[in-house]
Every structure is written in structure tokens, then in C-alpha cells.
1. State whether the residues of segment A:127-150 include one that is within 16 Å of RNA strand B (Cβ to nearest atom), part of a helix (DSSP H, G or I) and either free of Cβ contacts under 8 Å to residues at least 12 places away in the same chain or over 16 Å from the mean Cα position of the chain (by Cα) (or both).
2. Cβ-Cβ below 9 Å, separation at least six or inter-chain, first residue in segment A:1-21 and under 16 Å from A:Gln94 (Cα atoms) and without any contact (Cβ under 8 Å) to a residue 60 or more places away in the chain, second surrounded by 13 or more Cβ atoms within 10 Å (Cβ to Cβ) and not basic (Lys, Arg): which pairs?
3. Give segment A:131-151 a look and list any residue that's in contact with a Leu (Cβ under 8 Å, 6 or more places away or on another chain) and among the hydroxyl-bearing types (Ser, Thr, Tyr), or say none.
4. Is it true that A:Leu104 is surrounded by 15 or more Cβ atoms within 10 Å (Cβ to Cβ), within 12 Å of RNA strand B (Cβ to nearest atom) and either in a helix (DSSP H, G or I) or at pLDDT below 90 (or both)?
5. Here are some conditions: (1) closer than 28 Å to A:Glu304 by Cα; (2) part of a helix (DSSP H, G or I); (3) of a type in the set (Lys, Arg); (4) away from RNA strand B (no atom under 16 Å from the Cβ). A:Lys348 meets all but one. Which one does it not meet?
6. With the requirement that a residue be surrounded by 15 or more Cβ atoms within 10 Å (Cβ to Cβ), under 37 Å from the mean Cα position of the chain (by Cα) and away from RNA strand B (no atom under 16 Å from the Cβ), what does segment A:4-20 give you?
7. With the requirement that a residue be farther than 19 Å from A:Phe435 by Cβ, surrounded by fewer than 17 Cβ atoms within 10 Å (Cβ to Cβ) and touching a Lys or Arg at 6+ places or on another chain (Cβ under 8 Å), what does segment A:120-154 give you?
8. Tell me, which residue of segment A:70-81 that is over 24 Å from A:Thr128 (Cβ atoms) and surrounded by fewer than 18 Cβ atoms within 10 Å (Cβ to Cβ) is nearest to RNA strand B (Cβ to nearest atom)?
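The values are calculated or read from the model by the stated rules, or taken from the named source; none is laboratory data. Only a predicted model underlies this, so the values are computations on that prediction, with no experimental measurement involved. Note that each Cβ is placed from the backbone with ideal geometry, even for glycine, and that neighbours are counted across all protein chains shown.
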Amino acid sequence: MSWITIKEIFANPASLLETELEVRGWIRTQRLSKNFAFIELNDGSCFKNLQVVYDETLANFSEATKFPLGSALKVAGKLLASPAAGQPFELKAQAIEAIGLSSLEYPLQKKRHSFEYLRTIPHLRPRTNTFMAVFRVRSLLAYAIHKFFHEKGFVYVHTPIITGSDCEGAGQMFRVTTLDLQNPPLNEQKKIDFNQDFFGKETNLTVSGQLNVEGFCLAFNRVYTFGPTFRAENSNTQRHASEFWMIEPEIAFADLNDNMRLAEDMMKYVIRFVLEQAPQEMEFFNRFIDTRLLQRLQLVLDSEFEHISYSQAVEILEKSGTSFNFPVMWGNDLQTEHERYLTEHVFKKPVFVTDYPKAIKAFYMRLNDDKRTVAAMDLLVPEVGEIIGGSQREERHDVLRSRIAEMGLKESDYQWYLNLRKFGGAPHAGFGLGFERAVMYLSGMENIRDVIPFPRTPKSAEF
RNA sequence: UCCUCAGUAGCUCAAUCGGUAGAGCGGAUGGCUGUUAACCAUUAGGUUGGGGGUUCAAGUCCCUCCUGAGGAGCCA
């Protein structure tokens, strides 16, 4: 006999009433009486559980009442309208077979656990309501992002995970090596001789695919990356992980305004998609995780994002009369508290801040005509802060060269990158979206460790 | 990396001024014919994160290490 998913049952219960069917899933919870019992069964196909009811007419009634939480079951029975409140229908079991029994040491109990505790059992936490919702939304969001870009004619590019350039950005990188760390080969200067390493040079895990993808942008016009990214920063916050995923679109013949339009369209598209595809999960988040979630997301869908320049932002903050822990001064980067003040108190909606001082931004961002700012943009959203950072790229060969020199970088490291400007360069722009931050934004989850299946953070790479 | 807080039963927590370590949930056993975090009764369960110190006496005070969380910086 083939079995049916609980999702299929919920999709069309009326046509299945009074029919015999079989389901396979795991016991979420069980409630016992003397002569009958209820099992909440979840098979992973959907957020909801199916209530299974059985009584002493079941051949293995007394064994079944002792099945521990978490056990995997095969249940055959008839779908009936439920006489009690709480669920419209239930499966009256005629046979319950244990496919794999759990045990009394099963760490998940039928009560609320702290997220901290659940982080110690990441292999089991997807069996809880919250994490089943989180990881289904994570999956849907990934799909929504691919769908958005493909509908717009973007080409998905896999940029390398192992990189030979250590010049991608300021971030600390993870070394990739096969050298014997106890006894590394040394060169004549008594330094480690990376010529003998696997790739014949120093290699690291990527901190960004952007520079690589620019080459594909200047061939395919509209491209994006979506892949793992690694930062060896010793950051211990709710928003940082050592391994995370990043989306980096890059568009040619485009300026900063095109870039921001793309970012806004993308955010609205993926929010709408997830709201439509995971209504039960989103309802759950709104009820138990963040009661303002749906309201906030709806606001994003309904509003035009605000646009202000960095200089305007500084002016607004200076005139706000609010005393910040960090002083606001033109030339300093905006602090988290400044960003959140702008998006939460001043505008109360997503806001793009553009045209930052060149000294605080990367070398590849396009120099504005005022010679002191660059065509950069950050998207700030209420409750989270910065969620996207991007820029128009410097397409002028001579300006890029002088910017590389100005920032104290080695031009020889960027020869191939400069070549892109030499061989048919074109104005282009792009941005980076932290995938996990987007999952957090859409779910209301406050800690990045709770939106990654097996999170990697400083001092923690278990499982 | 810096600052702050925390670590007590399987889980969530309590323990007043330094004076006999407790409760709820979970488990076990029994009861209950429609439960919804089911309910009722009984019961087992502890080297109080590790190490050192002060004291007649330390979960409680001091030192140190480990782990976790929050904030900051950095960023996505």
C-alpha cells in the first residue's frame, strides 16, 4: 500500500473523509487515556500535525501507548471528521506499526525548550515547530531568490569557494592548505614556503564572489551568485556566522539607481513569495516569535523605499537632538544605532542610504563627481538594520588604478580585474544580500545561529 | 577582541544575611471513554560547569579556566 502525505490530506480533506489511507511520520506528542489515545503525527510534508486516534481494539494498543516521542510510525486507518474541537479531522488507526522506535533519552519533550538548548542538538531541532518553520522558510526563500532572478533573465554563476587572491576585502580569511602544520616547509627567508602547498600558492576560502562575478557580468549582462561565504572574523553577535550564504547580483549598463530598483524589487518579490507559499509558518512566527512580523512585512510590500544620501543622513542625525553613544560626524561610518534610528524612527520603513565618503568604502566603488564620495548604497530595514550593501562599480580604468594605489593595495594583484575595464568595460553595479539575514528578517528569528542548520561561529563547529 | 550577565535534576527555573539543595515539566507506576502543553495520585532522580582559595560551615564570597548569552566593534 502506498502512503499519503499529511500535506495532501490537509489540501483536500473532504474528498478523503471516510476513506482508508496510510501515513508515515514521527510522534510529536501522545496523550493517553485508559482505553484510547491520541498521537500527534508529523511527517515533514507540512507544518501541521495529523491527529491519530486509536483505542483498545488496536492489536498492539498497550505497546503503542508506550511508543516514546520521536518514534517513526506507519499508521493505517480511516480519515474521520473529528468529534472534538481543535482539529477538523483525524485518522482513526486500524494498524500502527513502529518503523523505528525512539527512546526515553529523546531530548525533545512536549514543552517549550530554549533556543540555546536546541542549539546543542541541531540534528534534532528541525523536529520542533519553530525550526521546522525556519528551515522550510529558508528553503522557500532560496527558491524565491532563484526564481526572481531567472524570471528577470539573470544567469546564475558559481564563483570559486577556494580563492587564490587575498585581496577580496578587509575580512579575515580561512586558510586552505595541505601543508603539515607541525612541520611546514620553509623557504630561504625561513618563511613558510607556499610554493610547496597544494595550489603552489596561498589559498583561502572566499569572502565574496563579487570580483569574480564582475567578469561574468561583462559577458552575460545580468548575473548573480548564491553560495557559501566564509569569514574568520572573531565576531560574537546575533548577526554573524563564520560560514553563511550570500547573494550577489551584478548588472551591466546600469547605475546605482538601477541597482537600488533591483534590490527593492527583489525584496518585495521574495517576501510576497514566502508569504504566499508558507502561510502556516509565517502565521506561527507572527504568533510565537514576533507579533509585529506580518505587519512589518506588509509595510515593506506597500511602501516605496526611502532614498537619502549619507550626507543627508548625517544632517538628520545631527539635528535629531538624540544623544547617541557614538557621535555623528561626516566622514565616520554610520553606527548600528544610527542606522536603526533612521529606519525605525525617522522613516519607519526601509531606506537606502547612498553616496558614502570614499575613505570608508571599498576601492571598487565608483567615485562620484564630488571626488569625496562613492556611489555606494546600504539598505536599512527596521528591526534588523543593514541587510544589503552594494555599489556602482568603478568602470574607468585610470580612476580604478588610482583608487587601488590610494587604498594602499598592490596593483599586480588586480591586473585581471583592471583588464575588465580595459577590454570593453561598461558601467555596472551590484549588491550583496546576506541570505541568513534575509531569513531572519522574514521569520522574526533574532539569532543567526537559529536560521542555519548547523551553524559555525567562533569556537563552535560541532556536528 | 572588549564590556556585562549567566552556568543548580533529562528540560525550564527557585533557594532571603554564608547555615539541612526545592518546584514544575519530562521519566517510572497506578487511575481516568475525546484529549489538545490533557488531567489526578504515588515515586525515582543532584560531586550545584572544572580547578584552587577564604570559613566552624560555600550553590551563595574571592581567584582562575571552560562554556553559553546579550551588547560593542567588524560586516552580510
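1. Yes, segment A:127-150 has at least one match.
2. Cβ pairs passing all conditions: A:Ser2/A:Glu22; A:Ile4/A:Leu16; A:Ile4/A:Leu21; A:Ile4/A:Glu22; A:Ile4/A:Val23.
3. Answer for segment A:131-151, where residues must be in contact with a Leu (Cβ under 8 Å, 6 or more places away or on another chain) and among the hydroxyl-bearing types (Ser, Thr, Tyr): there is none.
4. So A:Leu104 does not fit the description; no.
5. Checking A:Lys348 against (1) closer than 28 Å to A:Glu304 by Cα; (2) part of a helix (DSSP H, G or I); (3) of a type in the set (Lys, Arg); (4) away from RNA strand B (no atom under 16 Å from the Cβ), the one that fails is (2).
6. A:Ile4, A:Thr5, A:Glu8
7. Scanning segment A:120-154 gives a single hit, A:Gly153.
8. Among residues in segment A:70-81 that are over 24 Å from A:Thr128 (Cβ atoms) and surrounded by fewer than 18 Cβ atoms within 10 Å (Cβ to Cβ), the one nearest to RNA strand B (Cβ to nearest atom) is A:Leu80.
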